[in-house]
Amino acid sequence: MSGQSKWSEKANAAQRARPGALLKGLVGLVIALGFGCGTSQSDSAPARRAKVLLIGIDGVRPDVLAEVQTPNLDALIAAGAYTAGTTTTTPSVSGPAWSSMLTGVWPEKHGVLSNDFTAPRYDEYPDFLSHLEDVRSELTTVAVADWLPIMELDGRRALVGPSIDVREALDGYELGWAEADRRGVDFAVSQLQGADPDATFVYLGNPDEASHEAGSIGEEYREAIAMADAEVGRLVRAVQGRGTLESEDWLILVSTDHGRRADGGHGGDSPEEMTGFILVSGPSADDVIEGPTYIVDVAVTALAHLGIDPPAAWGLDGRAVGLRRSPGG
Ligand SMILES: [Zn+2]
């Protein structure tokens, strides 16, 4: 049985067992068995095709996330690495933060300082999918989001650039956020099942909006986080059900753009607002993430998994986190 199948097996096993200590034990056991480690492949084994799925969930506080039953995220953590101490942008709002997550640079470079998007410099500092299209146009890139400014900006270049192969923009305000997330995931699942995407970004907006509407981090917010976890599960199952999975090396990244205060608001520089998380999962993921992490690390990690060492000219501010080192690399 290949490493990939064990990945699924391990994820399923982890899904049945919640406690973190047990999950850690499972990870250690499977690593001891030589599972899925790129360095353990013999020289004659054909290289598997690296693929990335980045799932971004808006406004999820890691300390609340830890209190909600999230079996699908737990399974991903068990098959990889997780940190609950990722620093986001100042201010801690979606415009700058999503821009920094996808471009790998801080707001002083991409120029988005609020949710107004008055003067983005995405031409100079594009999202990582656009970088991929520039250097490896043969790769298939996919972006799905229900917060429209990520996808469309009144005729100007939006965060997700024009060269992305497959794009689906939904309006969460119009559809309702839970429904919009569901439809966005439907679309992404159809791509993962029926097409051959190499790098995919899926945005889920419901938790942030649910907390804003409730004006708290209570029941409504927690329910929305649980629903987002279920959507994550649908995406993971679509990946794990691919007929070509055995010849692929999937890295699943999950992160958030900012935290929030107990009243549901955010934008300030308190630890509750500034702290998010990064989850790195799959056969090429390490079991720990070393050192402090920042939201700009997400894009660089995705690029690194796809074999791209960003040229200095790109001016990226992040570093690759949570990946095993390849032999000699
Ligand atoms: Zn918000």
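The values are calculated or read from the model by the stated rules, or taken from the named source; none is laboratory data. Quick caveat: nothing in here was measured; it's all calculated off a predicted structure. Methodologically, a virtual Cβ is constructed for each residue, glycine included, from the backbone with ideal geometry; neighbour enumeration extends over all protein chains shown. Heads up: the accessible areas ignore ligands, DNA and RNA and are worked out on the full protein's heavy atoms, side chains in. Shrake-Rupley method; radii C 1.70, N 1.55, O 1.52, S 1.80 Å.
Just one of (1) open to solvent by 10 Å² or more (accessible area, probe 1.4 Å); (2) under 27 Å from L323 (Cα atoms); (3) among the hydrophobic types (A, V, I, L, M, F, W, C) fails for A119. It is (2). Considering segment 81-106, and only residues there that are open to solvent by 10 Å² or more (accessible area, probe 1.4 Å) and in a strand (DSSP E or B), the residue that is farthest from R261 (Cα to Cα) turns out to be Y82.
Out of curiosity, is R242 in contact with a Gly (Cβ under 8 Å, 6 or more places away or on another chain), without any contact (Cβ under 8 Å) to a residue 60 or more places away in the chain and open to solvent by 10 Å² or more (accessible area, probe 1.4 Å)? Answer is no for this residue. Of the helices (runs of 4 or more DSSP H) entirely within segment 164-269, those holding at least 3 residues that are away from the ligand (no atom under 13 Å from the Cβ) occupy 177-194, 219-240.
Residues that are assigned to a strand (DSSP E or B), within 17 Å of A199 (Cα to Cα) and open to solvent by less than 50 Å² (accessible area, probe 1.4 Å): does segment 298-312 have at least one? Looking for residues that are assigned to a strand (DSSP E or B), within 17 Å of A199 (Cα to Cα) and open to solvent by less than 50 Å² (accessible area, probe 1.4 Å), one finds none in segment 298-312, hence no. All of D269, D249 fail the test of being within 23 Å of D297 (Cβ to Cβ), open to solvent by 40 Å² or more (accessible area, probe 1.4 Å) and modelled with pLDDT of 95 or more, apart from D269. Please go through segment 158-214 and give me each residue that is in contact with a Gly (Cβ under 8 Å, 6 or more places away or on another chain) and of a type in the set (F, W, Y), ordered by number. W177, F201, Y203, listed by residue number.
Determine which single condition L73 fails, assuming it passes every other condition in (1) within 16 Å of the ligand (Cβ to nearest atom); (2) within 20 Å of M227 (Cα to Cα). Against the list (1) within 16 Å of the ligand (Cβ to nearest atom); (2) within 20 Å of M227 (Cα to Cα), L73 comes up short only on (1).
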